[in-house]
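Below is one structure, written out as structure tokens, with a few remarks after it.
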Amino acid sequence: MEEQKKVVVNNEDGDSAEINLQMKKPAPDEISEETSDLAAELEKLKAELNAKDDRFLRLQADFDNYRKRMAREKSELSTVIEQAFLKDLLPLLDNLSRASTAAENADNADVETLRKGIEMIKQETVAVMGKHGLEPIDTQDKPFDPNFHQAVGTVKDETKADGLIAAEFQRGYIARGRVIRPAMVQVVNNS
């Protein structure tokens, strides 16, 4: 079954033309076949979308579980490290307790023994701290560096150059390359 249709076309010059078109009208069975094809395609696309949504939700849940697991493992690791550090400090605490008890019972003759015991405890403390990455900041005859030192005063000293450290009031420390406490120092300023 064909249908005729007239179409008028205008061009830029103002001319117009009339065209007769003959169009074939689709049969009703062709329309239903095309509709069923479109419906099948729509169902297929819906199924793909649902599958992708499901995959996305699973990935999101997996990531949340991963994040929680990493936080838990990080917490557990920090606890283990802290416990190991405290375990290493226990002998120091024991030695300080012994030194305290000895000081209570000491007479003047035992003062030198007590001093030696305290010096040994200090050396043991330095060794334990060094084992855990703690290093003292060297200030002896070093130039002042604000990244490692905190100036708390200046002094004139004609025997030393400007900017050198004259005295250390409190030792500074670095742990694994990071300053955890700057050294409190007095700096030479001859001007």
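The values are calculated or read from the model by the stated rules, or taken from the named source; none is laboratory data. Predicted model only: the values in this text are computed from it and were never measured. All Cβ positions, even for glycine, are placed from backbone atoms using ideal geometry, and neighbour counts span all protein chains on display.
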**Prompt:** Under the condition of being exposed (fewer than 13 other Cβ atoms within 10 Å of the Cβ) and of a type outside the set (Ser, Thr, Tyr), which residue from segment 156-169 is farthest from Val128 (Cα to Cα)?
**Reply:** Glu158
**Prompt:** Among the residues of segment 164-176, is there at least one that is more than 17 Å from Pro136 (Cα to Cα), free of Cβ contacts under 8 Å to residues at least 60 places away in the same chain and not in a strand (DSSP E or B)?
**Reply:** no
**Message:** Taking the condition of being outside any strand (DSSP E or B) and not charged (D, E, K, R), how many residues in segment 149-163 meet it?
**Reply:** 3
**Asked** What is the one condition in (1) closer than 30 Å to Asp94 by Cα; (2) out of contact with any Phe, Trp or Tyr (no Cβ under 6 Å at 6 or more places or on another chain); (3) of a type in the set (A, V, I, L, M, F, W, C); (4) modelled with pLDDT of 90 or more that Ile118 does not satisfy?
**Response** (4)
**Prompt:** Could you count how many residues in segment 137-167 are modelled with pLDDT under 90 and more than 18 Å from Asn190 (Cα to Cα)?
**Reply:** 1
**Request:** Would you be able to tell me the number of residues in segment 97-148 that are assigned to a helix (DSSP H, G or I), loosely packed, with under 13 Cβ neighbours inside 10 Å and not β-branched (Val, Ile, Thr)?
**Result:** 16
